[in-house]
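Contents: one structure, followed by commentary.
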Amino acid sequence: MSLWCRGIYDIFLYLTTVIHPNNHKNVKSSETDILVIGGGPAGTTFATLMAQRGWKVALLEKGEHPRFHIGESLLPMNLPILERLGVLDQVRDIGIVKRGADFTQGNSGTEHQTFYFDQALGDSPGHAFEVTRSEFDGLLFANCRSSGVDAHEGVRATEVRDLGNGRHRVESMSADGESLEWTARFVVDASGRDALLASKNGWKRRNARHASAAIFGHFHGVRRRPRDDEGNISIYWFDHGWVWMIPLPDDVMSIGVVAYPQYLKTRKVSLDDFLMSTLKGVSEIGDRLSGAQLIRPAQATGNYSYFSSRSSGSGFLLIGDAYAFIDPVFSSGVYLAMSSAENAVPVAEAWLSGNRVRYYRSRRKYQRRLKQGISTFSWFIYRFTTPAMSHLLNNPDNRMKVVQAVTSMLAGDVYSNWTVRWRLMIFKGIYFVTSVRNWRGVQDNRRKRRAGVGVDLA
């Protein structure tokens, strides 16, 4: 090396090692095979499964358990994953049995229609659970730790830097201001709606096909469905969107309104009062709310449906809500998060083992399954508030077992079961015909969905 080149190289080393701001702080550094960002269902599922396979795994969670979270309704297809994680019995102890989902056209005077999971096609379990998410997430996090994961709470990942050849340096900050730095051979973004990698790299895209927002709260004293149906989730349509009612332990009911943005812009009162007036405006809900009490202030979230233009790359992967989030109408969020985490395991193992051919094959399979699950739910979600969909769900016709196929979708069976998939195609055809017969209602629904994108719920 010439003296001139050597001088330039020495200056470069000085700038990167001496002047770099991190060198003026006490930065604690660690190395690991896998660094997972986020300690929700997606992150803890992936970290646990990788630790069970003998890999060195670290996990950073910005919050501390227990923490409040919505998305309290699990699907039957969650149960096999929970069993593989070794926590199914613990979830059974903290949850309420959910045997199905019922749908009601609000202010119609008609009875609700229940879809029971034990009527589904295929091998999906005949029930699921409703859970308090603070307990559920805390349980998964504790199991993750006991499985050998170096799991940290109160540590926020701030930067992910590509070091080349798939290695990354993840910079983070603890709640007490300590700087922590991790060098990892593989990084998994499970940061939920923070969508750390997608946001910082400009990959995050608002879902232009779906504009909605939500106001939600927890109640005491809400009347439940009778007997074995007391744990079922209830869904109600009303003029401006739909409502969920999820029974939880200790006489708690989670209730949320998901509505078009232009309706939420009409709010002139507090969130609490707006939520209550909306619910009481639906006669079937008002009857169940008689004597009920809101036990925590209502909360709101703005337009939240989005996706990332990338799901993976050299030495990194996005799972769960860090990749995409869609409307919670079918309680798909936790299941899609946990199933994406499980499907990501072969991708990470192929990369870490150095088998690039197997890595690219498993990554393509992962991306295909990820999009398949999301697209199956999305087709129903985009059309859920249309008159045709409410008519079909309230007047089920099980010829060719299409209703049982829809029940399988509601149970989370959205991947490889061809018996379900071809019947869902038939249901889509029936929906199309029904829509043509009610084209005015379809056009009105489209106008509502497209009107208004941003909404300030503060």
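The values are calculated or read from the model by the stated rules, or taken from the named source; none is laboratory data. Just so we're clear, the structure is a prediction, and the values are computed from it rather than from any experiment. Ideal geometry is used to build each Cβ from the backbone, glycine not excepted, and the neighbour counts take in all protein chains shown. Calculation scope for accessible area: heavy atoms of the full protein, side chains included, ligands and nucleic acids excluded. Shrake-Rupley method; radii C 1.70, N 1.55, O 1.52, S 1.80 Å.
Data table
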| read-out | value |
| --- | --- |
| Shape box of the range 60-111 [Cα atoms, principal axes, largest first, Å] | 48, 26, 17 |
| Percent of alpha-carbon pairs separated by more than 37 Å within the chain | 29 percent |
| Probe 1.4 Å, protein heavy atoms only - accessible area per residue of the range 40-88 in square angstrom | 34 Å² |
| Using alpha-carbon coordinates, inclination of helix 418-437 to the longest axis of the chain, degrees | 60 degrees |
| Hydrodynamic radius (Kirkwood) for the range 112-268, which is based on Cα pairs only, to one decimal in Å | 20.1 Å |
| Mean projected area in nm² (Cα convex hull; one quarter of hull surface) for the range 156-226 | 9.7 nm² |
| Entries of 98/401; 280/371; 200/365; 98/268; 200/268; 204/428 with Cα pairs more than 32 Å apart | 280/371; 98/268; 200/268 |
| For the range 211-323, radius of gyration divided by Kirkwood radius, i.e. Rg to Rh on alpha-carbons | 1.07 |
| Translational D in µm²/s for the range 330-395 (Stokes-Einstein at 25 °C, 0.890 mPa s, Kirkwood Rh from C-alpha pairs) | 178 µm²/s |
| Highest to lowest packing among 283-296, 413-426, scored as the average C-beta count within 10 Å | 413-426, 283-296 |
| Net charge of neighbours whose Cβ lies under 11 Å from the Cβ of residue 421, counting Lys and Arg as +1 and Asp and Glu as -1 | +1 |
| Percentage of interatomic Cα-Cα distances in the range 224-264 larger than 17 Å | 38 percent |
| With eigenvalues of the C-alpha gyration tensor scaled by 5 and rooted, the range 40-167, Å | 34, 17, 15 |
| Local electrostatic count at residue 342 - Lys and Arg +1, Asp and Glu -1, tallied over other residues with Cβ under 13 Å | +2 |
| Kirkwood Rh (inverse of mean 1/r, distinct Cα pairs), the range 371-413, angstrom | 11.0 Å |
| Contour excess over end-to-end distance, with Cα ends at residue 309 and residue 199 and 0.36 nm allotted per residue | 38.5 nm |
| Between helix 356-382 and the chain: long-axis angle, C-alpha atoms, 0 to 90°, nearest 10 | 30 degrees |
| Highest average packing first - 60-71, 356-367, Cβ atoms within 10 Å | 60-71, 356-367 |
| The chain: angle of helix 41-52 to the longest principal axis, Cα-based, in degrees nearest 10 | 50 degrees |
| When the range 283-338 is reduced to its Cα atoms, the Kirkwood hydrodynamic radius in Å | 14.7 Å |
